[in-house]
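The values are calculated or read from the model by the stated rules, or taken from the named source; none is laboratory data. These numbers were taken from a predicted model, which means no experiment stands behind them. Neighbour counts are summed over all protein chains in view; Cβ atoms, including those assigned to glycine, are modelled from backbone coordinates with ideal geometry. Surface accessibility is based on the protein's heavy atoms, side chains included, excluding ligands, DNA and RNA. Shrake-Rupley method; radii C 1.70, N 1.55, O 1.52, S 1.80 Å.
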Amino acid sequence: MRNMIKTNIEAFNNICKQLFELSQIKTETGRRYFSTTEEEKKWLIETNISGVEFFLPSIRAFNLEFNGLKYIAVIGANMQNFNEDPSILLVTELNSGLITLLISEGLLKINPTANLLEFDDNIMSQHKDADYKGHDYFEILSYLEPIKLFQITENSILKDENLYRILVYIYSNNPNYLILEFNKFVLETFTEISLVGSKNISYNLLLHSLLSTNFKHSFLELYRLVERLFPINYLKDFHERVDTKLNFIEFSSELENITSWRPREEDALEKIFSIAKQNTKNSFDNFQKSNPNLQNQSDYKYFYKLRNSIVHFRSSHEEFKLNSEQWNLLIIATLTLIDEQYSFYNKILEE
C-alpha cells in the first residue's frame, strides 16, 4: 500500500521540478500536502494504474481500478463538453487523492501554457500560512493539464476491453475533438465497431485513423488493417493441415521471415473483395459512383491504386483527388470491409 506522506512529498517535488524546467522558477522548499477526506485517502492508497498509452504526443490515457470498479483517465485533451452514454461510460468527478497520486507518478503535469508566476505566487506559498491544513486540489486544477476521468459502468459492453477500443468509442462519439470532418455515418460505424467488432482488430490503428490530420493518412491506417488479412486466403488451409503449435499469425509471420514469401498485394485484395458481402460491395459502389474516373474500374484495383498514389511518389502512379464527401464514402466502405472480414475470420485470427 502507498504511503500518503511519501506520495505527497513526491507530488510537490515533481511540481517544483516542473516549475524550474518550464520557467526557471526556484520555489521555496517546505512541508506541502493536499488535504483529503477519508474516501480520497483511499483513492491515493489503493488505486491501481496500468496500461499508460501516449496515443498523441501530448495526450495519454491509462486504466485505473479502485474499489472493484474500472476507470480510464485521459490527460492532455481539453474535453469540456462530453457526449456520453451512461450505460457504457460515465464521466466521473475527480478527487484530491487521485490528483495527488497522478502528480506523484508524473502522469499529470503542469500545463506549460499556464501562468506559472501566478501559480508560484498563489499556490506554492500557501504552506506559509499559520492556519495551513493542506492544499485544496481544486485550486491547482486550472494550472494543470486537462484531465477527464471515466468510469466503465458495471454492465458496460466495454468493461473488459482494451484501452484503445474504449478510446475509439470516446472519440467517435465526440467529433468536436477530431480534426477531420467525418460524417455521422462514418462516426457511427467507428462506434459500432468499437462496441461489437472483432477482438482481433488492432484498435490502435482505428484510433489513429480517427485522429488523423488528413484523409489520406486516415485511409492508410485502415489499409494497414486490410493488409493483415492478405495471407489468410492463401494459408488458412495449409495452416490447418500442418502439425504446428503456432497460431495462424505466428505461422504466417514465420513463413514470411524464413522463405520471404508473401502474397502479391493486388492479388490478395482481389481475393478479399471477391468474397465480400453485398452490403460491403454496395458501400464501395457508392464511392465509385461519386467519382467519374473510378466508375469503369474494378473495386480492388482502384483501392490498390489509391493506396499506391499515397505511399509512393512516382510518375507512373495516378493521383486521386477526392473531396471530403468522397473520402467519407471510401472510409465507411473500408470500415465495412474490415468489420466484415475480421468477423468472418475471427477464429483464425485469434492469438
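Probe of 1.4 angstrom, ligands and nucleic acids ignored: what's the accessible area per residue over the stretch 106-152, in square angstrom?
51
In what sequence, highest mean first, do 45-53, 115-123 appear when ranked by Cβ atoms within 10 angstrom?
Top of the packing list down: 115-123, 45-53.
Kindly sort D160, D85 by accessible area of their heavy atoms, largest first, with the probe set to 1.4 Å.
D160, D85
Of the peptides 177-183, 335-341, how do they stack up when ordered by the mean number of other Cβ atoms within 10 Å, highest first?
335-341, 177-183
Return the calculated 222 nm mean residue ellipticity for the chain, to the nearest 500 deg cm²/dmol, obtained by summing -39500 (n - 2.57) across DSSP H runs with n ≥ 4 and dividing by the residue count.
Taken over the chain, the calculation gives -15000 deg cm²/dmol.
Just to be sure I understand the model, the point goes 7 Å from the Cα along the line to the Cβ. What's the resulting I5 to K184 distance in nm?
5.9
Students sometimes get this wrong: rank S125, S343, S252 by accessible area, probe 1.4 Å, all chains present, largest first.
S343, S125, S252
Name the residue, out of S212, S260, S156, whose mean-square fluctuation peaks in a Gaussian network model built on the chain with Cα pairs under 10 Å.
Judging by the Gaussian network model, the answer is S260.
More than 28 angstrom separation, counting every C-alpha pair in the stretch 18-161; what % is that?
It works out to 23 percent of all Cα pairs.
Going toward the positive end of the dipole of the chain, with +1 on Lys and Arg Cβ and -1 on Asp and Glu Cβ, which of L235, L220, P86 do you reach last?
Highest projection toward the positive end goes to L235.
Give the carbon-plus-sulfur fraction of the accessible surface of the stretch 59-204 in %, rounded to a whole number; probe 1.4 Å, heavy atoms of protein chains only.
Here it works out to 45 percent.
Give the relative contact order (percent, whole number) for the chain; include only Cα pairs under 8 Å separated by 6+ residues.
Averaging sequence separation for qualifying contacts and normalising by length gives 15 percent for the chain.
Over the stretch 1-159, what relative contact order in percent results from Cα pairs under 8 Å that are six or more residues apart?
Taking the mean separation of contacting Cα pairs over the length of the stretch 1-159, I get 32 percent.
Any idea what the dipole of the stretch 193-240 comes to, in debye rounded to 20, about its Cα centre with Lys/Arg Cβ at +1 and Asp/Glu Cβ at -1?
140
With charges set only on the Cβ (+1 for Lys and Arg, -1 for Asp and Glu), what does the dipole of the stretch 53-118 come to about its Cα centre, in debye to the nearest 20?
The dipole magnitude comes to about 140 debye.
Accessible area of the stretch 212-271 with a 1.4 Å probe: how many percent of it is carbon plus sulfur?
Exposed carbon and sulfur together represent 45 percent of the surface.
For the stretch 176-272, what does the accessible surface come to per residue with a 1.4 Å probe? Please give it in Å².
53
Can you tell me the order of 302-308, 168-174 when each peptide is scored by its average per-residue count of other Cβ atoms within 10 angstrom, highest first?
Going from most to least packed, we get 168-174, 302-308.
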